[in-house]
Structure formats: structure tokens, C-alpha cells
Amino acid sequence: IDLNPENPRPMRAMGNHLLPRWHGSYDQLELEARRTAARTEETWGAGGYTWVQFDAISCDAQACANLDVPFFIEGLRDILTRRPDPHTANLLAAYCASAIGQAAPSEDAAGAVRAEIADCARWIVRDHMTELHPMIWAHAARGFDNNLRVRSPSRFAATGRDEAMRIITGLFQREIDAGKRVIFTEGRRAIAQPG
């Protein structure tokens with residue numbers, strides 16, 4: 001992490017491997033997420049906390065329930081401020097809406113945290129997405145499983161596109177019901193009247 005703080009992958013892997021299933025603990029996860037946020041503040045702001053928690057909370061309900069949600073959301077905003085590219089916007093939108101938002105609903109603390117994170121998809125898509133990256137959405141829909149066997153990349157991408165369109169349509173339902181179109185073009189998103 002110290003050698004390449006701009007790469008979030010080691011932070012994500014560290015968070016996942018600090019879970020109890022890998023002989024870590026929830027206290028270690030929280031501590032290292034906060035330490036990483038401090039170490040990478042110049043690069044990510046609060047985003048270091050978000051990157052460390054990213055995969056851990058998507059696969060562990062107790063880690064999710066323990067999350068400092070305001071700090072995590074501040075991290076999402078800082079990540080998008082520092083890396084406002086379409087890949088990052090798609091990654092975070094798909095994560096919030098699909099990887100977290102499509103988890104089995106529950107009435108416990110983890111369910112409340114998931115709902116709050118899933119709501120972030122609305123502002124991420126509305127304020128930051130300018131193009132669609134179907135492979136990211138397909139990967140998010142399957143929990144970012146790195147061991148997933150993809151037999152047909154084109155079919156995998158098509159499922160990601162369908163998932164993204166379903167979610168984005170829901171986020172813009174009011175405008176669509178009013179007869180408007182949502183258009184993503186070269187670095188811009190516009191809501192236009194039909195015609």
C-alpha cells in the first residue's frame with residue numbers, strides 16, 4: 001500500500017483477509033481501515049477506509065454491521081473527487097447498487113447499513129456516471145468473485161448491461177415516466193425530451 005497508494009486492490013485484499021474467516025478480527029479490520037485512511041489521505045482522502053472495507057462488508061454481515069457508515073460514504077465521495085473517471089464511477093455505482101444493494105434483505109444492523117450504502121448509487125449514477133461499463137456491473141452482480149469462471153465474455157457483459165440498465169432505469173424512473181430519455185454520451189449524461 002505504501003509503495004503504490006494509488007492502487008486500491010491491495011487495500012481491498014487486506015480488508016478481506018482481516019476478516020475472522022482468515023484468522024483476523026473485526027477490531028483489526030476497523031483499525032487497519034482507519035490507519036490506511038490516515039496513510040493514504042493525500043491520495044484518497046477518507047477513501048482509504050472505504051477501500052479497506054469494500055470487499056469485507058460485501059461478504060460478511062458482522063463487518064457490515066460494524067461499519068462507520070458516514071466515514072465510508074465520505075470515502076466514496078473522496079474517491080470520486082480524486083478519481084472522477086468512468087471506470088471508478090461504474091465500479092462504485094455497481095458496488096453500491098448491485099453487490100451491496102442486491103444482498104438478501106434483512107432487518108438487522110447489517111441490513112440497515114446495506115440500505116444506506118445502496119442509496120448512494122443514486123447520487124453516484126446521477127452525479128458521476130457518464131458511460132456504462134457492463135463488465136464491471138456483471139462482476140458486481142456476482143459479488144466481485146475473482147474465481148468466477150466466465151465461459152463467454154460477451155454473454156457475461158450482456159448480463160452486466162442488463163443489470164445496469166435495470167438499476168439505472170429504476171434510478172431515473174421519475175424522468176422516464178415523464179417521457180424523458182437518459183442519454184450517456186462522450187463524458188456527459190443528459191436528460192432530454194423525446195424526439
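Listed values, structure above:
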read-out: Checking residue 162 against (1) at pLDDT 95 or above; (2) in contact with a Phe, Trp or Tyr (Cβ under 8 Å, 6 or more places away or on another chain), the condition it does not meet; value: (2)
read-out: Cβ-Cβ under 8 Å pairs, at least 6 apart or on other chains, region 143-172 side over 18 Å from residue 122 (Cα atoms), far side modelled with pLDDT under 95 and among the hydroxyl-bearing types (Ser, Thr, Tyr); value: 143/58; 144/58
read-out: Every residue from region 112-126 that is surrounded by fewer than 17 Cβ atoms within 10 Å (Cβ to Cβ), within 20 Å of residue 182 (Cβ to Cβ) and touching a residue at least 24 places away in the same chain (Cβ under 8 Å); value: 122, 126
read-out: Number of the exception - residue 156 against (1) in a helix (DSSP H, G or I); (2) surrounded by fewer than 16 Cβ atoms within 10 Å (Cβ to Cβ); (3) not charged (D, E, K, R); value: (2)
read-out: Filtered residues of region 2-57 (kept if surrounded by fewer than 20 Cβ atoms within 10 Å (Cβ to Cβ), among the β-branched types (Val, Ile, Thr) and assigned to a loop (DSSP other than H, G, I, E, B)); value: none
read-out: Candidate set from region 136-153 (those that are small (Gly, Ala, Ser) and in contact with a Ser or Thr (Cβ under 8 Å, 6 or more places away or on another chain)); member that is surrounded by the most Cβ atoms within 10 Å (Cβ to Cβ); value: 140
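The values are calculated or read from the model by the stated rules, or taken from the named source; none is laboratory data. Being a predicted model, the structure only gives us computed values, none of them experimental. Note that we place each Cβ from the backbone using ideal geometry, even for glycine, and neighbour counts take in every protein chain shown.
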